[in-house]
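Participant: Following this message is one structure expressed as C-alpha cells.
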C-alpha cells in the first residue's frame with residue numbers, strides 16, 4: 001500500500017498548474033445590463049472574462065494577493081489602462097503589471113493574445129468592400145460605449161494598410177501551378193486612367209484575377225508590361241490557350257508578341273454586334289441584331305460563316321460601312337466554332353461579359369471615394385474590388401466541357417506548328 005507522500009506529485013520548477021477562470025457577476029449588474037439588451041450583458045461578461053484571465057495569469061506568476069510566498073520570483077506592480085481588440089474595436093480594460101524580483105517587467109501572454117485575436121485591418125477591409133463608408137463606420141459598428149479606434153482617420157489608415165496587402169498579394173500571386181486554359185484581357189478608363197486587367201480561367205472553370213496594370217493609354221507597351229509580370233510569376237505563354245478580347249489592336253499585338261502561334265484569339269461577339277449596329281439606322285437595328293445573334297448561334301462554323309456572309313450582302317446594300325465593320329476580324333469571332341466548343345461553353349466564352357461584370361463591381365465599390373489622389377490610390381481600390389469580386393464568382397457555365405476545349409486547343413496548335421515547319425522547309429528549298 002502506497003503512502004501519502006508517494007501519491008504527491010512534486011511540481012517542477014518552471015511549470016505552472018492549470019487553473020480555471022471563475023467570473024462573479026452580481027445580480028444587480030445582470031438586471032441593469034438586461035435592461036439595455038442581451039447584447040450588452042454578453043459584452044460585459046466578455047470584458048469580465050478577459051480581465052479574469054489576466055488576473056489568473058498574474059496569480060500563477062506572482063501568487064495570490066496578500067499571501068506570503070517563499071522563493072518569490074515576481075511580484076505585482078499595480079494596474080494600468082490597457083485595451084484589447086473585439087470585432088475590430090479597441091475596448092479599454094484594466095491591465096495588471098508584474099515585475100521580476102530585482103528585474104524588468106514581465107509581459108503577459110494572454111494580454112498579447114487578446115490584442116491580436118481579431119485582425120482589425122481585415123475586418124475593416126471586409127466591411128468597406130460591403131458598402132460601409134469610413135465616415136459612418138463608428139456609428140454603425142460601435143458596440144461598446146467606451147470603445148475607441150473607430151474614428152474615420154483610424155479606419156482610413158487601417159484600410160490603406162489592408163488594401164496595400166491585397167494589392168501586394170494580387171501582384172505576387174504565384175501562377176506556376178495553375179492550369180490556365182483561357183485568358184480574358186480588357187481595359188477600362190477609371191477616373192482618368194487606363195487600367196488593364198487579366199482574368200484567367202483554369203481547367204476546372206474557376207475564374208482568377210491574375211494581374212492589373214495602370215497606364216495613360218491602352219497601348220501594346222502597357223499590355224506587354226502586364227504580360228511580362230505574369231510571365232515572371234509563372235504563367236507559361238508557350239502553352240496553347242484561348243485569349244478573349246474585345247478587338248483592341250493593342251491587346252492583339254501584345255498577345256501575338258508573347259504567345260505567338262500558341263494564341264487562339266476569340267473576339268467578343270457582343271462588341272462586334274454593337275460595332276455593326278452603330279452604322280445601322282435605328283429602324284433596322286432590332287432586325288439585324290436578331291439575325292447576327294442567330295448567325296453566331298449556329299453550331300457548325302461553315303453555317304455560321306455563310307449566315308454572316310449573307311448578312312454582309314444585306315448590309316452592303318443598306319450601308320457599306322456597316323458591311324465593312326462586319327467583315328473586319330470576322331474569322332476571329334468564329335474561333336470557338338473552329339475549335340468545336342460545346343454550345344453551352346461557347347456562350348460563356350464568346351463575350352467579355354465576365355470581365356465587364358468585374359468592372360461593374362469596381363465602379364460600384366469605388367464610387368464612394370470622393371477625392372482621388374496619386375501614388376497607388378487607384379490600384380489599391382481596384383485590386384481590393386477585384387479580389388472581393390473574385391470571392392463571389394461562380395464557376396464558368398459549361399465548365400464540364402473544358403477538357404474538350406483543352407484537347408482541341410492542343411490539336412490545333414500541333415497542326416499550326418506542322419504547317420509552319422512545312423512552310424519554312426519550302427522556303428529553304430526554294
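The values are calculated or read from the model by the stated rules, or taken from the named source; none is laboratory data. What you see is a predicted model; the values in this text were computed from it and never measured. No Cβ is skipped: glycine too gets one built from the backbone with ideal geometry, and neighbour counts run over all protein chains shown.
Participant: Is it the case that residue 414 is touching a residue at least 24 places away in the same chain (Cβ under 8 Å) and surrounded by fewer than 18 Cβ atoms within 10 Å (Cβ to Cβ)?
Facilitator: Numbers: touching a residue at least 24 places away in the same chain (Cβ under 8 Å): no; surrounded by fewer than 18 Cβ atoms within 10 Å (Cβ to Cβ): yes.
It is false that residue 414 is touching a residue at least 24 places away in the same chain (Cβ under 8 Å) and surrounded by fewer than 18 Cβ atoms within 10 Å (Cβ to Cβ).
Participant: Separate question: Specify which of the listed residues (265, 273) is surrounded by 16 or more Cβ atoms within 10 Å (Cβ to Cβ), without any contact (Cβ under 8 Å) to a residue 24 or more places away in the chain and not in a loop (DSSP other than H, G, I, E, B).
Facilitator: Values: 265 fails: without any contact (Cβ under 8 Å) to a residue 24 or more places away in the chain.
Step by step, each of 265, 273 is checked, and only 273 is surrounded by 16 or more Cβ atoms within 10 Å (Cβ to Cβ), without any contact (Cβ under 8 Å) to a residue 24 or more places away in the chain and not in a loop (DSSP other than H, G, I, E, B).
Participant: Answer yes or no: is there a residue in segment 245-258 that is in a loop (DSSP other than H, G, I, E, B), under 28 Å from the mean Cα position of the chain (by Cα) and either surrounded by fewer than 19 Cβ atoms within 10 Å (Cβ to Cβ) or not assigned by TED's automatic domain parsing to the domain that holds residue 334 (or both).
Facilitator: Taking segment 245-258 first, the residues in a loop (DSSP other than H, G, I, E, B) are 246-248.
Among the residues that remain, those that are also under 28 Å from the mean Cα position of the chain (by Cα) are: 246-248.
Imposing the further condition that a residue be either surrounded by fewer than 19 Cβ atoms within 10 Å (Cβ to Cβ) or not assigned by TED's automatic domain parsing to the domain that holds residue 334 (or both) reduces the set to 247.
Yes, the conditions are met somewhere in segment 245-258.
Participant: Among what's in segment 227-238 and is out of contact with any strand residue (DSSP E or B) (no Cβ under 7 Å at 6 or more places or on another chain) and either in contact (Cβ under 8 Å) with a residue 40 or more places away in the chain or not in a loop (DSSP other than H, G, I, E, B) (or both), pick the residue that is farthest from residue 420 (Cα to Cα). It would help to see each step written out before you state the result.
Facilitator: Applying the first criterion (out of contact with any strand residue (DSSP E or B) (no Cβ under 7 Å at 6 or more places or on another chain)) to segment 227-238 yields 227-228, 231-234, 236-238.
Those left that are additionally either in contact (Cβ under 8 Å) with a residue 40 or more places away in the chain or not in a loop (DSSP other than H, G, I, E, B) (or both): 227-228, 231-234.
Working: 227: 25, 228: 26, 231: 25, 232: 28, 233: 30, 234: 27 Å.
Out of the qualifying residues, it is 233.
Participant: Among the numbered conditions (1) part of a helix (DSSP H, G or I); (2) buried (at least 18 other Cβ atoms within 10 Å of the Cβ), tell me where residue 396 comes up short.
Facilitator: (1)
Participant: Now for a separate question. For residues that are touching a strand residue (DSSP E or B) at 6+ places or on another chain (Cβ under 9 Å) and over 22 Å from residue 274 (Cα atoms), scanning just segment 320-340, find the one that is surrounded by the most Cβ atoms within 10 Å (Cβ to Cβ).
Facilitator: 339
Participant: Given 175, 170, which one is modelled with pLDDT of 75 or more, at negative phi and not in a helix (DSSP H, G or I)? Before the answer, list the steps.
Facilitator: Numbers: 170 fails: not in a helix (DSSP H, G or I).
None of the others qualify; the one that does is 175.
Participant: Of the residues 360, 384, which is under 19 Å from the mean Cα position of the chain (by Cα), in the same structural domain as residue 336 (by TED's automatic domain parsing), at pLDDT 90 or above and assigned to a helix (DSSP H, G or I)? Walk me through how you get there before you give the answer.
Facilitator: Details: 360 fails: at pLDDT 90 or above.
Testing whether each residue is under 19 Å from the mean Cα position of the chain (by Cα), in the same structural domain as residue 336 (by TED's automatic domain parsing), at pLDDT 90 or above and assigned to a helix (DSSP H, G or I) leaves just 384.
Participant: Could you give every pair whose Cβ atoms fall below 8 Å, whose first residue belongs to segment 351-369 and is more than 22 Å from residue 332 (Cβ to Cβ), and whose second residue is modelled with pLDDT under 85 and part of a helix (DSSP H, G or I), counting only separations of at least 6 or pairs across chains?
Facilitator: Once the first residue is more than 22 Å from residue 332 (Cβ to Cβ) and sits in segment 351-369, its partners that are modelled with pLDDT under 85 and part of a helix (DSSP H, G or I) give 365/129.
Participant: Only one residue in 182, 205, 187 is modelled with pLDDT of 90 or more, crowded, with 18+ Cβ neighbours inside 10 Å and assigned to a strand (DSSP E or B). Which one?
Facilitator: Details: 205 fails: assigned to a strand (DSSP E or B); 187 fails: modelled with pLDDT of 90 or more.
After ruling out the rest, the residue left standing is 182.
Participant: Any residue in segment 295-303 that is under 39 Å from the mean Cα position of the chain (by Cα), part of a helix (DSSP H, G or I) and surrounded by fewer than 16 Cβ atoms within 10 Å (Cβ to Cβ)?
Facilitator: No, because not a single residue in segment 295-303 is under 39 Å from the mean Cα position of the chain (by Cα), part of a helix (DSSP H, G or I) and surrounded by fewer than 16 Cβ atoms within 10 Å (Cβ to Cβ).
Participant: Also, I was wondering about something else. If we keep just the residues of segment 44-64 that are modelled with pLDDT under 80 and touching a helix residue (DSSP H, G or I) at 6+ places or on another chain (Cβ under 8 Å), which is surrounded by the fewest Cβ atoms within 10 Å (Cβ to Cβ)?
Facilitator: The residue in question is 44.
Participant: Given the condition in a helix (DSSP H, G or I) and either under 15 Å from the mean Cα position of the chain (by Cα) or assigned by TED's automatic domain parsing to the domain that holds residue 201 (or both), answer yes or no: does some residue in segment 366-375 qualify?
Facilitator: Step one: filter segment 366-375 for residues in a helix (DSSP H, G or I), giving 366.
Okay, now just the ones that are also either under 15 Å from the mean Cα position of the chain (by Cα) or assigned by TED's automatic domain parsing to the domain that holds residue 201 (or both), so 366.
Checking segment 366-375: at least one residue is in a helix (DSSP H, G or I) and either under 15 Å from the mean Cα position of the chain (by Cα) or assigned by TED's automatic domain parsing to the domain that holds residue 201 (or both).
Participant: Sticking with this one: In the same structural domain as residue 197 (by TED's automatic domain parsing), part of a helix (DSSP H, G or I) and within 30 Å of residue 260 (Cα to Cα): does that describe residue 405? If you could, list the steps in order and put the result at the bottom.
Facilitator: Values: in the same structural domain as residue 197 (by TED's automatic domain parsing): yes; part of a helix (DSSP H, G or I): yes; within 30 Å of residue 260 (Cα to Cα): yes.
Yes, satisfied.
Participant: While we're on this one: Across segment 276-294, what is the number of residues that are more than 23 Å from residue 356 (Cβ to Cβ) and outside any helix (DSSP H, G or I)?
Facilitator: Qualifying residue count, segment 276-294: 1.
Participant: Related question: Condition test on residue 227, is it at pLDDT 90 or above and closer than 20 Å to residue 387 by Cβ? Please lay out each step first, then the result.
Facilitator: Numbers: at pLDDT 90 or above: yes; closer than 20 Å to residue 387 by Cβ: no.
Spelling it out, it is not the case that residue 227 is at pLDDT 90 or above and closer than 20 Å to residue 387 by Cβ.
Participant: Let me ask another. Which is out of contact with any strand residue (DSSP E or B) (no Cβ under 7 Å at 6 or more places or on another chain), under 22 Å from residue 341 (Cβ atoms) and free of Cβ contacts under 8 Å to residues at least 24 places away in the same chain, of 305, 310, 293? Give the steps one after another, and end with the answer.
Facilitator: Values: 305 fails: free of Cβ contacts under 8 Å to residues at least 24 places away in the same chain; 310 fails: under 22 Å from residue 341 (Cβ atoms).
Result: 293 is the single residue among 305, 310, 293 that is out of contact with any strand residue (DSSP E or B) (no Cβ under 7 Å at 6 or more places or on another chain), under 22 Å from residue 341 (Cβ atoms) and free of Cβ contacts under 8 Å to residues at least 24 places away in the same chain.
Participant: Same structure, new question: Going by the structure shown, is residue 344 assigned by TED's automatic domain parsing to the domain that holds residue 298, within 30 Å of residue 294 (Cα to Cα) and surrounded by fewer than 16 Cβ atoms within 10 Å (Cβ to Cβ)? Working first, answer last.
Facilitator: Details: assigned by TED's automatic domain parsing to the domain that holds residue 298: yes; within 30 Å of residue 294 (Cα to Cα): yes; surrounded by fewer than 16 Cβ atoms within 10 Å (Cβ to Cβ): yes.
Here the answer is yes, as residue 344 does meet what is asked.
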